[in-house]
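Please treat every number below as a calculation from the coordinates, not as lab data. Every value quoted in this text rests on a predicted model; they were computed, and no experiment measured them. Glycine gets a Cβ as well: all are built from the backbone with ideal geometry, and neighbour counts include every protein chain shown.
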Amino acid sequence: MEPLRQLAKEKLRGKKAIAVMSAKGGVGKSLVSALLALSLRGAVLVDLDVHTMATTKLFGLEGKLHEVTKKGIEPFKLGELGVVSLGGIVKDKYVVLPGGNAGEVMESLVAYANLGDANYVVFDLPPGLGDEVLTLERLTDFFPVVVTTPSAVSVKVVEYVMRYLNERGKRPLLVVNMAYMDCGDGKVARPFGDLKNAEDLAKRYNAPVVELPIDPSLESYIGKIHEYDGVVKGKVKKELVPYLT
Amino acid sequence: MHEWSVAEAVIRTVVNWANENHVTQVKKVKVGIPSFSFLDVEILKEAFDTMKSDSPLGKAELEVVFKDPTFKCRNCGLTFSLKDVRDQLESLKGEFGEEYPLHLMPALAPSFLKCPKCGSHDIVAETQDITIDGIEVEESGTAQTVG
């Protein structure tokens, strides 16, 4: 009998779980997770990247601790959005954990979070196919959003995740982040390569593709990503959200 | 306050087990908890008694057993006990207060405790989270314990 797992499963029952994942690091999973969660009505964003906790950096929550009530760990509130991160438990302490412990910590985070009446729970996963994916599979039937960049190496690495998900009977959505830059006058630059590799990958796994643009202004919203309403969020709202609602 | 979530986890787990096994009345639930989580037994029992009503646990008693874990360092091989890292735990409690990280998530222990010999965080604990160690049920007027 595993009380934590039981509670975590029940907390997620009836909610749509979305896992933002990739086999590759640095492709923008946390940013996509944040913008997606901000674009859905009634969402809680759960940062399952327990080693880096990028979500707290994006939302300016570093050093802040979650309040703990009779209902559990209370999410940080940013407007309608709730955010749960291990950063709200350990503050600015680094987290180094043997594999098995990482899974238990993730399970605890979900089990003890007060998810309230949220309709959506968006999980920001760390790169790779480690405990986080297996843990989430034990807890809920999640919808995978796989993030890559157009770069050939990124697409090749991301294929591991696509193949795994395919074998598990899931049909992911492929997000190509930093796909292009709008230069005005209808001109588009693609500094990280064209879309061909990603499109071929998506075809092989029958996955829809959403391209997200590069927006240099995003950097100035690190720490206040909830205030960003630029082109990337516009595309997330317009093209990504409809697949998930 | 975290004790309420722990009580909820225990109750939900045992209620599900009771339903699956057609058990209508549970007499006692024995729960094991790592001692370094410093859960407050009184609050835990209060939460358990408040939330157990209208379930097969309506008349159940909660027995809590605190377990002192043995740690093993995977870097230098040292086996050590809680008293060997007591100062580290006290310092952590002093820094965070009531809701200190190991109170909420005992599995975080390797992040906050170091091997007292070599300083490595690569440590494993025998007991690192809540366990349900036994359920006593009323069946045909006799008590049975399920491990």
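Among residues other than residue A:201 whose Cβ falls under 11 Å from its Cβ, what is the net charge (Lys/Arg +1, Asp/Glu -1)? Provide the component values of the computation, followed by the final result.
Details: positive: A:156, A:163, A:196, A:203, A:204; negative: A:159, A:199, A:200.
Its environment carries a net charge of +2.
So what's the net charge close to residue B:77: Lys and Arg +1, Asp and Glu -1, counting the other residues with Cβ under 13 Å from its Cβ? If you can, show how the numbers build up before the last one.
Values: positive: B:72, B:74, B:117; negative: B:122.
After counting each charged neighbour, the total is +2.
Give the Rg/Rh ratio for chain B, taking Rg as the radius of gyration of the Cα atoms and Rh as the Kirkwood radius, to two decimals. If you can, show how the numbers build up before the last one.
Values: Rg = 17.6 Å, Rh = 16.6 Å.
A ratio of 1.06.
What does the protein assembly as shown give for Rg and for Dmax, in Å, if only its C-alpha atoms count?
22.8, 84
Output the peptides A:40-47, A:183-190, A:126-133 sorted from most to least packed, where packing is the average of other Cβ atoms within 10 Å over each peptide's residues.
Packing proxy ranking, top to bottom: A:40-47, A:126-133, A:183-190.
Quantify how strongly other chains surround peptide A:85-92 by giving the mean number of their Cβ atoms within 10 Å of each of its Cβ atoms. Spell out each step's value before the answer.
Working: counts 0, 5, 0, 0, 9, 8, 3, 0.
Going residue by residue through A:85-92 and averaging, the value is 3.
So what's the net charge close to residue A:182: Lys and Arg +1, Asp and Glu -1, counting the other residues with Cβ under 15 Å from its Cβ?
Details: positive: A:187, A:190, A:233, A:235, A:238; negative: A:185, A:211, A:215, A:239.
Net charge in that neighbourhood comes out at +1.
Rounded to the nearest 0.05, what FRET efficiency do residue A:182 and residue A:160 give with R0 = 41 Å and r taken as the Cβ-Cβ distance? Could you check? Could you put the intermediate results ahead of the total?
Details: r = 31 Å, r/R0 = 0.76.
After rounding to 0.05, the efficiency reads 0.85.
According to the square roots a ≥ b ≥ c of the eigenvalues of the Cα gyration tensor, what is the shape class of the range A:1-109, taking rounded for a/c under 1.5, prolate for a/b larger than b/c otherwise, and oblate for the remainder?
Working: a/c = 1.21, a/b = 1.08, b/c = 1.12.
The shape class here is rounded.
Whose amide H sits under 5 Å from the amide H of residue A:78, counting only residues 5 or more places off or on another chain, with H placed in the peptide plane?
Those qualifying (amide H under 5 Å, at least 5 residues apart or on another chain) are A:83.
Cα centroids of the range B:101-135 and the range B:8-87: how far apart, whole angstrom?
If we compute the Cα centre of each part, the gap is 15 Å.
For a quick check of your reading of the filter: which chymotrypsin sites (Phe, Trp or Tyr not before Pro) in the range A:27-129 sit in a DSSP loop and have no more than 12 other Cβ atoms within 10 Å?
Counting only loop positions with at most 12 other Cβ atoms within 10 Å, the chymotrypsin sites (Phe, Trp or Tyr not before Pro) in the range A:27-129 are A:94.
Could you point to the residue in B:78, B:65, A:102 farthest towards the positive end of the protein assembly as shown's charge dipole, with +1 and -1 charges on the Cβ of Lys/Arg and Asp/Glu respectively?
A:102
Under the rule of -39500 (n - 2.57) per DSSP H run of 4 or more residues, summed and divided by the residues of chain B, what mean residue ellipticity at 222 nm is obtained, to the nearest 500 deg cm²/dmol? Spell out each step's value before the answer.
Working: 5 runs with 48 residues, N = 147.
It lands at -9500 deg cm²/dmol.
Ordered by packing density, taken as the mean number of other Cβ atoms within 10 Å over each peptide's residues, highest first, how do A:215-222, A:99-106, B:6-13 rank? Don't jump to the answer; show the numbers that get you there.
Working: A:215-222: 13.1, A:99-106: 20.9, B:6-13: 24.5.
Ranking, from highest mean packing down: B:6-13, A:99-106, A:215-222.
With all pairs of different alpha carbon atoms counted, what Kirkwood hydrodynamic radius in Å does the range A:86-187 show?
16.2 Å
Compare the Cα positions of A:192, A:3, A:56 along the charge dipole of the protein assembly as shown (+1 at Cβ of Lys, Arg; -1 at Cβ of Asp, Glu; about the Cα centre) and return the one farthest towards the positive end.
In the protein assembly as shown, that residue is A:192.
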